[in-house]
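The values are calculated or read from the model by the stated rules, or taken from the named source; none is laboratory data. Quantities reported herein were computed from a predicted structural model and do not represent experimental measurements. Cβ placement follows ideal geometry from the backbone for every residue including glycine, while neighbour counts extend to all protein chains displayed.
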């Protein structure tokens, strides 16, 4: 391990740490919200579609007055329909919020479950690594014991062969 590696604690096994250090949780992505959402940087149409303003007092004929009255009734109906339309759209937006909140809750559950499973996997991997060490130790001990016993057996065999010989 070199000087840089000792300071940064960088090792050849840093791949896992490097992989899980990456993320796509950035403020612009997280705060984006709705595709058509309104944010401080949104271009709002501040002007309102309004009937033409009468700049100065004026007279009108009976026909003009009746026409204006009919247009006012139609305009009133259109405004009422516009209000109904916006209320219906607002209801859809509110329902969309419920859906998005529920979905984010679901995703949060999936994240927690994934972390819990990864934790359980890691705990099992730790036990398997510990088992490797235990098996290696027992294997080494058994190999030593086998070697010792083989040597004793050979010594005994040699002793009995000397007596027969």
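Run residue 48 past the list (1) in contact (Cβ under 8 Å) with a residue 12 or more places away in the chain; (2) over 35 Å from the mean Cα position of the chain (by Cα); (3) within 30 Å of residue 32 (Cβ to Cβ) and report the number of the one that doesn't hold.
So residue 48 meets the others, but not (1).
Taking residue 38, is it surrounded by 10 or more Cβ atoms within 10 Å (Cβ to Cβ), assigned to a loop (DSSP other than H, G, I, E, B) and at pLDDT below 95?
Criteria met by residue 38.
Would you be able to say whether some residue in segment 90-113 is within 16 Å of the chain's Cα centre (by Cα), over 28 Å from residue 36 (Cβ atoms) and surrounded by 10 or more Cβ atoms within 10 Å (Cβ to Cβ)?
Yes: one or more hits.
Could you list all residues from segment 53-69 that are surrounded by fewer than 10 Cβ atoms within 10 Å (Cβ to Cβ) and either under 60 Å from the mean Cα position of the chain (by Cα) or in a helix (DSSP H, G or I) (or both)?
53, 54, 55, 62, 63
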